[in-house]
Structure formats: C-alpha cells, structure tokens
Amino acid sequence: MASVHESLYFNPMMTNGVVHANVFGIKDWVTPYKIAVLVLLNEMGRTGEGAVSLMERRRLNQLLLPLLQGPDITLSKLYKLIEESCPQLANSVQIRIKLMAEGELKDMEQFFDDLSDSFSGTEPEVHKTSVVGLFLRHMILAYSKLSFSQVFKLYTALQQYFQNGEKKSVEDTDMELTSREEGERKMEKEELDVSIREEEVSCSGPLSQKQAEFFLSQQASLLKNDETKALTPASLQKELNNLLKFNPDFAEAHYLSYLNNLRVQDVFSSTHSLLHYFDRLILTGAESKSNGEEGYGRSLRYAALNLAALHCRFGHYQQAELALQEAIRIAQESNDHVCLQHCLSWLYVLGQKRSDSYVLLEHSVKKAVHFGLPYLASLGIQSLVQQRAFAGKTANKLMDALKDSDLLHWKHSLSELIDISIAQKTAIWRLYGRSTMALQQAQMLLSMNSLEAVNAGVQQNNTESFAVALCHLAELHAEQGCFAAASEVLKHLKERFPPNSQHAQLWMLCDQKIQFDRAMNDGKYHLADSLVTGITALNSIEGVYRKAIVLQAQNQMSEAHKLLQKLLIHCQKIRNTEMVISVLLSVAELYWRSSSPTIALPVLLQALALSKEYRLQYLASETVLNLAFAQLILGIPEQALSLLHMAIEPILADGAVLDKGRAMFLVAKCQVASAAAYDPPKKTEALEAAIENLNEAKNYFAKVDCKEQIRDVVYFQARLYHTLGKTQERNRCAMLFRQLHQELPSHGVPLINHL
C-alpha cells in the first residue's frame, strides 16, 4: 500500500480575517492563537526559576509541544490547559493578553519587537535551533512580512479572539454557579470530546502546513491503532473537506479521506478519494521530484494496485482482477520487483479458492524473502499456514511454520504481525478442537505488551487481531457456561470497537451466536428465530445453518431438510469443510428424529471420514457420539458403549459444557440398555453407575441453563430410582420433571424411547 508522503506543498488562501504570510515561501503564519502561545513562551522566559516549581515547569514543557504542533484552540481552553499546569503563569498570561487586546496596535508591535531579545546575550533564554526557537523565528519572520493592512486585520482578529474567550469564561462561571454537579459533568464531557471540538474550532480557517501535517499523521495513526480515539467519520470528513477547500491539491488529505470512507464501507467515496490522491500526487510532482521521471509511473502502478485492493475488499473481484492486471503490466514495464511482489500476493487473495493457489503463495514467499520484504514474506507464511490448516495438515507442522514466521517478526520488530500470528494460532487450535490451547493463546495476546511506543494515550492493541482474540475468548467462556464472563468480554469489545468501527462486525456476530445458543438451550425457539436475521446479515452461511437448526427444533423436518441440503451443496462447492461436517451431523439427527436411524449411518460415516481426513478432532468426537446414539437406537448398546469410551476423553477435556452433558447422558443410557441382560446384583450396580453419570450430566446442563435436557435427565433418573425401589428419590425427580414439563411443552420424539 502506498504510504502518506511527508513532502507536500500547502498554499492556503486568506479568509476569515486570518493573515497568511505564505507569499515568500514561509510555511507558517501568525494567528491570534499563536500570539497567545508566544505570550506564554515570553512569560515562561521572564519568570524566574524560583517562582515556578520544578513539577510545574515540567508540566509546562510537556504542554508546549502539542500547543506548538496542534491546531488552534479557543482562548478559554488555552487558559484552562495552562492553569492545570501552572495557575500562577495562567494569570500572568491572561493579564498580558488582556492588556494587548484592550490597548492599541502599537502594544502588539512592541511585543513582537521584544521577542527578538530572547535570542540575545551570551546565555540566551531560547536557543535558535530548538523547537521553541524555530517557532519564535518563524513567527517573527512571518510578522515582519506583513503589510500594514494585514497587521491591522491581525490585531482586529486578536481582539475578537480575546472577546470570544471572555464570553466563554463568563458562560462557564455562570453555569458552575447555577448547577455545580451539572458543570462537573459537562467538564468531563468536554475533556472526552476535546479533540473533536478543537478541530472544529481550528478549521474555521485554514491550518498551516505544520498543523495540517500533525493533524493528518495523528488521525492516520489513530485510525490504525485505536480507532475509538480518532474523530468520528462525519467529523473527520468535515475537517478534511475544509482542508481541501483551501488546497484541493493536498494529496495526503485525499488519502486520509480514503481511509475514513473505508471505515463506513462507502465504496463510491473511497474510490473517488483514492483516485484523487494519486492524481494530485502526479500533478504536484511530489513523486517526480524525488524519483525523476520514474516517479510518474510509480504513482500509476501503485494507484492500480490500491484500486485492486479496494475492489477486493468490497467483493468486486472482477474489477479487482482488471485493476491488478493493469498494475502488473505497468510494474513489468518499469521492472519494479517490489510492486510485482505485492501484485503476486493479491493474485493469491483473488484466486485462493482455486486448487492450485498454494503454488502462487509458495512462489510469493520465496520471492519476498529474495527481495528482502519481511512483511510480505510473513503475511505469505501466515496465509500458507491458514490454507494448510483448512487442508487438514497436522498441527505440529503448522506450528513449526508459524515459529519460523515469528522469528521474522521479532527480528524485524513487526509487532502487528506478531499479534496476527498469535490470533492465527488461537483460531487454528479452536479449529482442531483444542479449546485449552486456544484459550492460552488468546490470553497471551491480550497480556502481551506491544513493541510500538505508546504515546498520547493510544492503545496499540485496538486492531483486528485483538478483536478476534477477544471474540474467541467470549465464545470459549460461553461454551463453558460462564455467561457473565462472556458478557463482560463483549462489553469490553463494544467499548473498544464501537458499532461504526471497521472491526465491529466481529463482535456483533459473536454476540448474536452466543444469544442464539442461549435461547436454544432455554427452549425459546421464537427468540432464537428472531436472532437468525441478524446472524444472516453478518454471515449468510452461518445464518442459514442456524435457521435450519431452529426449524428442526420446531419439528418442521421437511423445511429443515431442504435448507440443509442446499447449504450442504453450497459448502461443498466453496470447500467449507467444517460447515459441511456440521450440516451432515444435523442431517443425521433429522433422520433419526424421523425414526430412520439406518439412513443416518452412511451420513455419519461420511462426516467421520471428513473430520478424520481434515484432522478436526472435536468434530470427529462429536460424530462418534452421534454414531453411538444411532447404534443405541438400533439396539446394539454394547458397541455404542465401546465407541463412547473412544470419543469421550477429547470431549471431557476440550468440549463445550453442553456436549459434555450430552456425552454423559448417552453413557448413562447405554449403561442402562446394556444392563438389561445382566444378573440382578450386577444390574443394580450398573444402574447406580448410570445414576451417577446422570447426576454429572445434569450438573453440566444446569451450567448452560438447558432446561429441556434437564427434564429428560430427571425423567430418566425417576425411572431408574423406581426400578431400584428408591421411592423418595423417585418422587423428588418426578416432581422436578413435572415442574419442567409444565414450563416447557414437549416437541417431537422423546429422547428416552426404551429402558
């Protein structure tokens, strides 16, 4: 991706009474706000070391840089910032500005004449080459270039700036007197919204080149690392439009506008801004100045490459392929190997559904290593690992490959890719059904400190990998019945990634899935059905699958079967093996609920073969459980029990609580069915063991509030207690069953069909 270039030419016009001294190439001009900052600097120089404490001076020094680099702010806000650092100095600055604004023009003239004294003497107050010294020299030079009429307009603007600040101070004082609590709340809100309001004030007129550069770099950094602290899309676009109004050829503003439009998925505006960025880059000659004639072609090929990436992001694969072909053609003509490597990576992204796409990817990784492009090489390895995981390669080989990519990350300090690698490991362990390892990797990512320096309160981990890890964490907690913990994680996700942010869809889908599972466990099928629409909007395949599950639970077998068959064909076409196995398991369940267990067996064997081939251990264990249940229905409980002993260990170790409960319930039913041919003493022992397993299953079901399954368990326990002659325990279970049965109407064929 082309980066935002530092070199730019900024030539704003003169508006709103603000004087622009840019006629002779000066990149800065004098504004009333900058006069106030000059007064602050002058007062700091005049104040002796004993008058200001060391901590106050340190706070003032920390305050200076954002004041010098940032956009103009209101006078009342400036007073407040100075007062927080040093109240004594704030009072001096306020008096000095008041005397200047309420005095005469010659007072401002005298002030600028006295500024030069800061550099005089053997030990000057300010060094010429320091940050403050350069700022003072720029302001003195800009002021000296002004004509008399411009000086008069500047003084008029200073008076207006002072009057507005005084009005604001009076309003704040009155509000504090009328309602102190309300005033405190407003102050807190002002502190939270300060960045937005400052930019709104600053852009009433044009920004200087340095202010514009600072504003753009700050917002671009926030969009990358912590989108919540950046301006809202509407506010940022307003500021960018204001910048472009004064300088339409400001290329970097167009690029930030492109990034901003990507946040709200606005394909038209983002394409428009991207094309304008490269057009302005060519028109201003920023590329050709540094790279000769080569710069023109470089802009064209990277424009085509970025356009391909944009179309790919929005799912316009045909347009993306055309733009990519154009980028490849221009890059080949210019012999630009770096651009060609980027093109090769995007070729893989566009063709990753093809069977031979791994050849492109392997070639891309080798070439990236050859040309010394560690970022591209690492991304290629990550994609290769992901592809091999879906192809069913063993976990140890994948982890070895990720270890090699991690070495690249640490060697080149690619902190963003370290986060992506850990999130990838989390997803792979979950795919293979190892929830404990997935939990460990997710927590490692959350606790790991970023390698990038944290400044201005930016949280570096507000990235997609961080959102993915948190979503995995929420789902893993929900699977174990820790819904309160999952809600806390989701609440944190909503704070970190608001609904208008680009990664919000991740937690939205996660939240909807957890709510759906809870509604299904609780037997509230109407509520689960209402959630299907939201899931479908975020993930169409997941939505259709969940709709089929609801129809099946509501005993609408034919409609559920039609949906599952369509979904099965589609998933086989796009090679979504995980969903194919899940659909096959649902189809098998539909068959035995329709009293056709023999038809379910071939479907289950097909699912088992797929899960073994692709090494999906957890789905394989779940398939074996279904096979055991089918054998139990067919009247061969001994074989079902031996199958269960083979599959139950992975489920108890890494499975969801609901699946653990189902497994223990099935073990108990197989024990009871097998005990029918036993001698009376041995039969009694087997039934008591089954009751113990039922108690364990009931505890698991209670954790996820699965009332239907609890009802079946207590019914089964009541029957067993009756057989064993334990009347009191039987009556207790019968009472629980009656309460649950009245609360939950029965649907479909009962799970207990024989003892």
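The values are calculated or read from the model by the stated rules, or taken from the named source; none is laboratory data. All figures in this text were calculated on a predicted structure; none of them were measured in a lab. Positions of Cβ are generated from backbone atoms using ideal geometry, with glycine treated the same way; all protein chains shown enter the neighbour counts. Note: areas computed on protein heavy atoms with side chains; ligands, DNA, RNA excluded. Shrake-Rupley method; radii C 1.70, N 1.55, O 1.52, S 1.80 Å.
Evaluate region 375-389: report whether one residue or more is under 28 Å from Ser611 (Cβ atoms), open to solvent by 60 Å² or more (accessible area, probe 1.4 Å) and of a type outside the set (Ser, Thr, Tyr). Within region 375-389, one or more residues are under 28 Å from Ser611 (Cβ atoms), open to solvent by 60 Å² or more (accessible area, probe 1.4 Å) and of a type outside the set (Ser, Thr, Tyr).
Region 652-755 holds helices (runs of 4 or more DSSP H) entirely within its bounds, and those carrying 3 or more residues that are closer than 29 Å to Ala560 by Cβ and modelled with pLDDT of 90 or more map to 657-674, 680-703, 707-724.
Rundown of residues vs (1) in a helix (DSSP H, G or I); (2) outside the structural domain of Pro71 (by the TED database); (3) basic (Lys, Arg); (4) open to solvent by less than 50 Å² (accessible area, probe 1.4 Å), yes/no style:
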position	(1), (2), (3), (4)
Ala212	yes, yes, no, yes
Gln218	yes, yes, no, no
Gln265	no, yes, no, no
Tyr277	yes, yes, no, yes
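One residue stands out in region 632-661 among those that are in contact with a Phe, Trp or Tyr (Cβ under 8 Å, 6 or more places away or on another chain) and not charged (D, E, K, R): the one that is farthest from Tyr432 (Cα to Cα), namely Ile633.
Residues checked against (1) within 24 Å of Arg711 (Cα to Cα); (2) buried (at least 18 other Cβ atoms within 10 Å of the Cβ); (3) touching a helix residue (DSSP H, G or I) at 6+ places or on another chain (Cβ under 7 Å):
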{"site": "Gln565", "(1), (2), (3)": "no, no, no"}
{"site": "Ile581", "(1), (2), (3)": "no, yes, yes"}
{"site": "Ile599", "(1), (2), (3)": "no, no, yes"}
{"site": "Leu604", "(1), (2), (3)": "no, yes, yes"}
{"site": "Ile636", "(1), (2), (3)": "no, no, no"}
{"site": "Leu641", "(1), (2), (3)": "yes, yes, yes"}
{"site": "Ala656", "(1), (2), (3)": "yes, yes, yes"}
{"site": "Asp659", "(1), (2), (3)": "yes, yes, yes"}
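Determine whether His370 is open to solvent by 10 Å² or more (accessible area, probe 1.4 Å), of a type outside the set (S, T, N, Q), within 27 Å of His316 (Cα to Cα) and modelled with pLDDT of 85 or more. Spelling it out, it is not the case that His370 is open to solvent by 10 Å² or more (accessible area, probe 1.4 Å), of a type outside the set (S, T, N, Q), within 27 Å of His316 (Cα to Cα) and modelled with pLDDT of 85 or more. Taking Ile541 as the residue in question, decide whether it is closer than 29 Å to Ser487 by Cα, open to solvent by less than 20 Å² (accessible area, probe 1.4 Å) and touching a residue at least 24 places away in the same chain (Cβ under 8 Å). It is false that Ile541 is closer than 29 Å to Ser487 by Cα, open to solvent by less than 20 Å² (accessible area, probe 1.4 Å) and touching a residue at least 24 places away in the same chain (Cβ under 8 Å). Within region 544-563, the set of residues being surrounded by fewer than 16 Cβ atoms within 10 Å (Cβ to Cβ) and in contact (Cβ under 8 Å) with a residue 60 or more places away in the chain comprises just one member, Asn555.
Among all positions in region 39-48, there is at least one residue which is assigned to a helix (DSSP H, G or I), at pLDDT 65 or above and within 42 Å of the chain's Cα centre (by Cα). Here the helices (runs of 4 or more DSSP H) wholly within region 63-155 that include at least 1 residues being closer than 22 Å to Ala212 by Cα are 75-85, 131-144.
Filtering region 390-400 to residues that are open to solvent by 30 Å² or more (accessible area, probe 1.4 Å), of a type in the set (A, V, I, L, M, F, W, C) and either at pLDDT 85 or above or within 24 Å of the chain's Cα centre (by Cα) (or both) leaves Phe390, Met399. Selection of helices (runs of 4 or more DSSP H) fully inside region 483-574 by the criterion of at least 1 residues being of a type in the set (Gly, Ala, Ser) and under 27 Å from the mean Cα position of the chain (by Cα) returns 483-496, 504-521, 525-538, 540-553.
In region 674-689, the residues that are surrounded by 13 or more Cβ atoms within 10 Å (Cβ to Cβ) form Cβ pairs under 7 Å with partners that are among the basic types (Lys, Arg) and modelled with pLDDT of 85 or more, at six or more places apart or across chains, as follows: Ala675/Lys683.
The set of residues in region 410-468 being open to solvent by 70 Å² or more (accessible area, probe 1.4 Å), part of a loop (DSSP other than H, G, I, E, B) and at pLDDT 85 or above consists of Arg434 alone. The residue list Ser596, Ser642, Ser582 contains one member that is of a type in the set (Gly, Ala, Ser) and under 33 Å from the mean Cα position of the chain (by Cα), which is Ser582.
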